[in-house]
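The structure under discussion appears below in the form of structure tokens.
Laboratory data are not the source of any read-out in this text; all were calculated from the coordinates shown. All values derive from a computational prediction rather than experimental measurement. Positions of Cβ are backbone-derived with ideal geometry, glycine not excepted, and every protein chain shown enters the neighbour counts.
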Amino acid sequence: MDADASPRTLLETGAALEQVGTGAVWAEGPCWVPGRNAVRYSDVRSNRILEYSETSGELSVYGQDVEFTNGRALDADGSVVQCSHGRRAIERDRDGAVETLVDRFGGVRFNSPNDVVVKSDGTIWFSDPSYGIDNPAEGHPGELEYGDRYVFRFDPASGELTAVITDIMAPNGLAFSPDESVLYVSDTAEETVSPAGPAQADGNPIRAYDVVDGRQAKNGRVFVRVAPGVPDGFRVDTDGNIWSSGGDGVRVFSPAGELLEHIPVPETVSNVCFGGADGRTLYMTATSGLYRIRTTATDAAAALRAGH
């Protein structure tokens, strides 16, 4: 985007918020699936996966008793990589055929993988907080078997698994910059807010890490803080802007951390994704609903997959 352009250019002229899905208890993990012309997302606490079809305009149940899936991302082959709280695993879904890709670190189980991104080299990067073992509504009670909460890098080709970020209390949403030189990761732990308390908190951080040699995350620093609510999930567009969830909608930050846009949403937003035929529709999972709005932006990860 031109540095002198108005922040309003992030939304199409006349763009209006539209609700296209209802009935969830806690909607999360949206992913645009081009082969189905649909947005797939989790109703985590109802233990099911929902799908909204742009073709028919209908919302349907894609899967039930799905072991509390959460975040998901599209792989280069069109399959969906998803996080399972219940199985404490990273899975691949090929049109309903689900396989476990990885579920252990050092011989013990993960906590409850929460959000995931697929890098252009095919490696899978995911966060592993403990919400699925701490909250019975989102998984199964359990223990921190490796004793902490990390961000991991998994290479399906070699089977190599590495803990790449170990300094975040509750790693959650994550996304790469357009050139994949920076990894953004949010920390949604209550302890990261101001000691003054939630009513006066300065917000939970999205942290930035330099990606070194395509396989390590170094030099972690606070990029922005988001309030009200937390930066549960977010996406990066081709201009490097970060579209983050929050308690009162979506906030868009420039690569320098400047607030460019606030999109009010009447429910707490958990996560977002870009979709639609031209990739410029922003879909937002927000508590009970699925919302959308037309933008002028497109997803950075999708552009990399397309070879742009």
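Once the Cα gyration tensor of the chain is found, what semi-axes does its equivalent ellipsoid get, as square roots of 5 times the eigenvalues, in whole Å, sorted largest first?
Rounded to whole Å, the semi-axes are 25, 23, 20.
Along the Cα→Cβ direction, 7 angstrom out, place labels at D148 and T55. What is the inter-label distance in nm?
Each label point lies 7 Å from its Cα, and together they span 4.6 nm.
Kindly provide the GluC sites (Glu not before Pro) of segment 210-308 that DSSP labels as loop, not H, G, I, E or B, and whose Cβ sees at most 13 other Cβ atoms within 10 Å.
E258
Counting just the Cα atoms, what span does segment 50-144 cover along each of its three principal axes? Round to the nearest Å and put the largest first.
43, 34, 19
Around S245, what is the net charge, scoring Lys/Arg as +1 and Asp/Glu as -1 over all other residues with Cβ under 9 Å from its Cβ? All intermediate terms of the calculation are to be shown ahead of the outcome.
Details: positive: R251; negative: D232.
Every neighbour counted, the sum reads 0.
At 0.36 nm per residue, minus the direct Cα-Cα distance, what do T162 and H140 gain on full extension? Give it in nm, one decimal, please.
Full extension from T162 to H140 adds 5.4 nm.
I need two numbers for segment 1-92: Rg to one decimal and Dmax as a whole number, Cα atoms only, in Å.
Looking at segment 1-92, its Cα Rg and Dmax stand at 15.8, 50 Å.
Could you work out the relative contact order of the chain? I mean the mean sequence separation of Cα pairs under 8 Å and 6+ apart, divided by the number of residues, in percent.
Worked out over the chain, it gives 16 percent.
Which net charge results when you count Lys and Arg as +1 and Asp and Glu as -1 among the other residues whose beta-carbon is under 14 Å from that of T100?
Numbers: positive: R87, R88, R92, R94, R104, R109; negative: E67, E91, D93, E99, D103.
Surrounding charge for T100 is +1.
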